[in-house]
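Student: Have a look at this one.
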Amino acid sequence: MKALISILFISLNTLLFSQEYNLPALPYSYASYEPSIDAQTMEIHHSKHHQAYVTNLNKALAGTKLATLSMNQLLMDASFRSDAIRNNTGGHYNHSLFWEILAPKDKQTSLVQEAFNEAVKAQYGSMDSLKKALTQAASTRFGSGWAWLIVTPDKKLMVTSTGNQDNPIMDVAKDRGIPVLGIDVWEHAYYLQYQNKRADYLSGIFNLIDWGIVSDKYAKALVDPLLSEIEKDNWMALKDFHKVMAQTFHPCEDGNFVPLRTRAGELLAKAILVSASKPPVSKDKPAVHKALANLEEQCEKIYELVEKNAKDEVLLKEMTKAHDLFHQVEELCHD
Ligand code: MN3
């Protein structure tokens, strides 16, 4: 009965809070991006490629608990997700941003916020050097992917690139932050008009980038709570530990002790690594180190119990303790 109620509750929750993603309409007609991008490319790119990411994302999420998570949560934990979710959340997010920052020359906002101009000047010297850095990142990205201008957790601008449909919000990206500009360098973005000449496409795309919109996005990103979420999330050692903990503890709760009995050594190794790692600056405080030391000690105890072939109920009790200790660390990191 209890199980039935909880199943009902979960499905009700999924129904109430899950969301369907939709293809955003383009702000301008397909032909208005010419001559920099031809109408047919825009139409196929938007109505076929982007639509496919949206359709496949909804399909991958349908009826799962993941459907209740926000787009940012899905992106941040990309390393935990299936390829379908990683590729299609990225595909949907990246293209939605791309359409927003493009505008025909005569429709572009003339107002570029001063704070953005100053940041560009301070970090890149001039807009021209920033454009060069972006062109460099876009042209050297091997195969399919994106070039980005992001705001990093320390509130700096940074030019970077990612492969496939990954993006800098994802934990799989080497440079992380909030994108304020993305350039699609998949061949589907330019092949009809430019064939293999990516460099020509890139010089065309700069005619369409609306820097007024980019500067608005910069101002919003600076105060977005997602920045500190990314900073906390950047602590890969903690994230690695969490992954092994989830893969061993949750089966125990369901009565399957095989993962824990075969991976207790790995769990301890990850606990030692996280305890020795350097937390992000704002999390580097004595209480966090103390909680991590407790967690390491608890994992060592569990390892020894597994070695001695302890009973399932003993392991479950000790794993529950380890799980609570892990959440103490998480909570301390939230301040
Ligand atoms: Mn594309």
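The values are calculated or read from the model by the stated rules, or taken from the named source; none is laboratory data. This is a predicted model, so every value here is computed, not measured. Here the Cβ positions follow ideal geometry from the backbone for every residue, glycine too, while neighbour counts run over all protein chains shown.
Student: Please specify each residue of the stretch 80-106 satisfying the condition of being within 23 Å of Asp216 (Cα to Cα), away from the ligand (no atom under 16 Å from the Cβ) and in a helix (DSSP H, G or I). Give the derivation first.
Tutor: Keep residues of the stretch 80-106 that are within 23 Å of Asp216 (Cα to Cα), which gives 90-106.
After this cut, where a residue has to be away from the ligand (no atom under 16 Å from the Cβ) as well, the list is 103-106.
Selection gives Lys105, Asp106.
Student: Against the conditions (1) more than 26 Å from Leu226 (Cα to Cα); (2) assigned to a helix (DSSP H, G or I), where does Asn309 fall short? Just the number, please.
Tutor: Every listed condition holds for Asn309 apart from (2).
Student: Separate question: Report, by residue number, each residue of the stretch 238-266 that is of a type in the set (Gly, Ala, Ser) and surrounded by 17 or more Cβ atoms within 10 Å (Cβ to Cβ). Reasoning before the result, please.
Tutor: Keep residues of the stretch 238-266 that are of a type in the set (Gly, Ala, Ser), which gives 246, 255, 264-265.
If the condition is that a residue be of a type in the set (Gly, Ala, Ser) and surrounded by 17 or more Cβ atoms within 10 Å (Cβ to Cβ), then Ala264 is the only one that fits.
Student: Looking only at the stretch 142-156, decide whether some residue is at pLDDT below 95 and within 30 Å of Ala52 (Cβ to Cβ).
Tutor: yes
Student: Since Trp148 meets every condition but one in (1) touching a Ser or Thr at 6+ places or on another chain (Cβ under 9 Å); (2) in a helix (DSSP H, G or I), which condition does it not meet?
Tutor: Failed condition: (2).
Student: Can you name the number of the only condition in (1) of a type outside the set (Ser, Thr, Tyr); (2) under 15 Å from Glu100 (Cα atoms); (3) away from the ligand (no atom under 16 Å from the Cβ) that Met170 fails?
Tutor: (2)
Student: Would you confirm, using the coordinates I've provided, whether Thr152 is surrounded by 18 or more Cβ atoms within 10 Å (Cβ to Cβ), hydroxyl-bearing (Ser, Thr, Tyr), without any contact (Cβ under 8 Å) to a residue 24 or more places away in the chain and more than 16 Å from the ligand (Cβ to nearest atom)?
Tutor: no
Student: Restricting to the stretch 273-312, give me the number of residues that are of a type in the set (A, V, I, L, M) and over 26 Å from the mean Cα position of the chain (by Cα).
Tutor: The number of residues fulfilling the criteria is 8.
Student: Would you mind finding the one in Thr135, Thr55, Thr109 that is more than 16 Å from the ligand (Cβ to nearest atom) and part of a helix (DSSP H, G or I)?
Tutor: Thr135
Student: With the condition kept exactly as written, say whether any residue in the stretch 196-219 is surrounded by 18 or more Cβ atoms within 10 Å (Cβ to Cβ), under 20 Å from Lys156 (Cα atoms), touching a residue at least 12 places away in the same chain (Cβ under 8 Å) and within 16 Å of the ligand (Cβ to nearest atom).
Tutor: No: the stretch 196-219 contains no residue that is surrounded by 18 or more Cβ atoms within 10 Å (Cβ to Cβ), under 20 Å from Lys156 (Cα atoms), touching a residue at least 12 places away in the same chain (Cβ under 8 Å) and within 16 Å of the ligand (Cβ to nearest atom).
Student: Would you check which residues across the stretch 247-262 are without any contact (Cβ under 8 Å) to a residue 12 or more places away in the chain and either under 15 Å from Phe80 (Cβ atoms) or part of a helix (DSSP H, G or I) (or both) and list them?
Tutor: Answer for the stretch 247-262, where residues must be without any contact (Cβ under 8 Å) to a residue 12 or more places away in the chain and either under 15 Å from Phe80 (Cβ atoms) or part of a helix (DSSP H, G or I) (or both): His250, Pro251, Val258, Thr262.
Student: Among Ile213, Ile183, Ile205, Ile169, which is in the same structural domain as Val120 (by TED's automatic domain parsing), modelled with pLDDT of 95 or more and in a loop (DSSP other than H, G, I, E, B)?
Tutor: Exactly one of Ile213, Ile183, Ile205, Ile169 is in the same structural domain as Val120 (by TED's automatic domain parsing), modelled with pLDDT of 95 or more and in a loop (DSSP other than H, G, I, E, B), namely Ile169.
Student: Count, please, the residues in the stretch 309-323 that happen to be of a type outside the set (A, V, I, L, M, F, W, C) and touching a Cys at 6+ places or on another chain (Cβ under 9 Å). Lay out the reasoning, then the answer.
Tutor: First pass over the stretch 309-323, keeping only residues of a type outside the set (A, V, I, L, M, F, W, C): 309, 311-313, 317-318, 320-321, 323.
After this cut, where a residue has to be touching a Cys at 6+ places or on another chain (Cβ under 9 Å) as well, the list is 312, 320.
So the answer is 2.
Student: Ok, one more. Name the single residue, out of those in the stretch 112-132 being of a type in the set (A, V, I, L, M) and buried (at least 17 other Cβ atoms within 10 Å of the Cβ), that is farthest from the ligand (Cβ to nearest atom).
Tutor: Checked the stretch 112-132; the qualifying residue farthest from the ligand (Cβ to nearest atom) is Ala119.
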